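Reviewing the structure listed below.
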Amino acid sequence: DPSSVDAKLVDRYRMACSSAERSRRKAAGFANVQYLRYEHRFALVATHGEHRFFEEESFRDLRRAPLRFEGYSIGHRNGRTCVKIHADEYRRLKAEFLDLATRRRAEKLAERFSRLPFEPYAPVCDQLFRLLRAVNRKRKEAGFEPVPTSALRLRRRIYRPFDPEERG
């Protein structure tokens, strides 16, 4: 039961506290832990510092080994969170699109690009532009019209996780 796991972990690592309490912990050199859950999968994310989490759990450092989730790679680089399409997923997409590049009309490819399920974070946009350029290079060599850049969705969708209409 996910809700019992939620309650157990939140209680064990004292995650249900105010932002002022988290700030005091950080100033005192203690880590803060956040609990992230999606359906039946979860992750505990901790900041630098002392915490019983580091003594009781086996963990991996996202700065060294990014988290793979739903086709994304989520890591930490230069002090910031980095979300991009996982390398394996990107290779699969590239092979698929290059295979279709000269076998589909530009409109159909544009529709396929627009339906990609990835949110356009900056590194994801870079990857999508690289993919589009590779497709258009192949189309140009074959004498076909390019797929327009307008095919890429470059604005993120806003999700409200606690809105009943969004949970559908």
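The values are calculated or read from the model by the stated rules, or taken from the named source; none is laboratory data. Predicted model only: the values in this text are computed from it and were never measured. Glycine gets a Cβ as well: all are built from the backbone with ideal geometry, and neighbour counts include every protein chain shown. All accessible areas refer to the heavy atoms of the entire protein, side chains included, with ligands and DNA or RNA removed. Shrake-Rupley method; radii C 1.70, N 1.55, O 1.52, S 1.80 Å.
The accessible-area ordering, largest first, of the residues HIS76, HIS48 stands as HIS48, HIS76, per a 1.4 angstrom probe. Of all the options ALA134, ALA27, ALA106, the one that moves most in a Gaussian network model of the chain with Cα springs shorter than 10 angstrom is ALA27. Going through [x] 10, 34, 34, 16, 5, 0; [y] 11, 37, 32, 15, 5, 1, 0; [z] 8, 27, 28, 20, 11, 5, 0, the figure that equals P(r) over Cα pairs in 10 Å bins from 0, in percent as computed for the structure here is [z].
Cβ under 11 Å from ARG153's Cβ, ARG153 left aside: what net charge do those residues give with Lys, Arg +1 and Asp, Glu -1? Mind showing how you got there, number by number?
Working: positive: ARG115, ARG155, ARG156, ARG157; negative: GLU119.
Result for the local shell: +3.
Phi-derived couplings, Karplus 6.51 cos²θ - 1.76 cosθ + 1.60 at θ = phi - 60°, listed residue by residue for the range 145-158: 5, x, 7, x, 5, 5, 6, 8, 7, 10, 10, 6, 7, 9 Hz, with x used for Gly and Pro. Dipole of the range 2-50 computed with +1 at Lys/Arg Cβ and -1 at Asp/Glu Cβ about the Cα centre; of VAL33, SER18, GLY49, farthest Cα towards the positive end is GLY49. Per residue, the chain exposes 72 Å² of solvent-accessible protein surface, assessed with a 1.4 angstrom probe and all protein chains in place. Across the range 30-35, computed HN-Hα scalar couplings (Karplus, 6.51 cos²θ - 1.76 cosθ + 1.60, θ = phi - 60°) run 9, 7, 10, 10, 10, 10 Hz from first to last residue, x flagging Gly and Pro. Taking amide H positions as modeled 1.01 Å from N, with prolines and chain starts lacking one, the residues under 5 Å from ASN32 and 5 or more places away or on another chain are THR47. Using θ = phi - 60° in the Karplus curve 6.51 cos²θ - 1.76 cosθ + 1.60, the 3J(HN,Hα) couplings for the range 106-113 round to 4, 4, 5, 5, 4, 4, 5, 4 Hz; x is entered for Gly and Pro. Charged side chains reduced to their Cβ positions (Lys and Arg at +1, Asp and Glu at -1) give the chain a dipole of some 820 debye around its Cα centre. From most to least packed by mean Cβ count within 10 Å, the peptides 84-91, 149-156 give 84-91, 149-156. In the chain, the longest principal axis of the Cα atoms and the axis of helix 87-100 are about 20 degrees apart.
For LYS138, a cut-off of 22 angstrom between C-alpha atoms picks up these lysines, skipping any fewer than 8 places away in its own chain: LYS94, LYS108.
Just how large is the dipole of the range 96-168 about the Cα centre, in debye to the nearest 20, putting +1 at every Lys and Arg Cβ and -1 at every Asp and Glu Cβ?
Values: 18 positive and 11 negative charges, 50 e Å.
It works out to roughly 240 debye.
Put simply, the amide H of HIS76, placed in the peptide plane, has neighbours under 5 Å in ARG63, CYS82, leaving out anything fewer than 5 places away on its chain.
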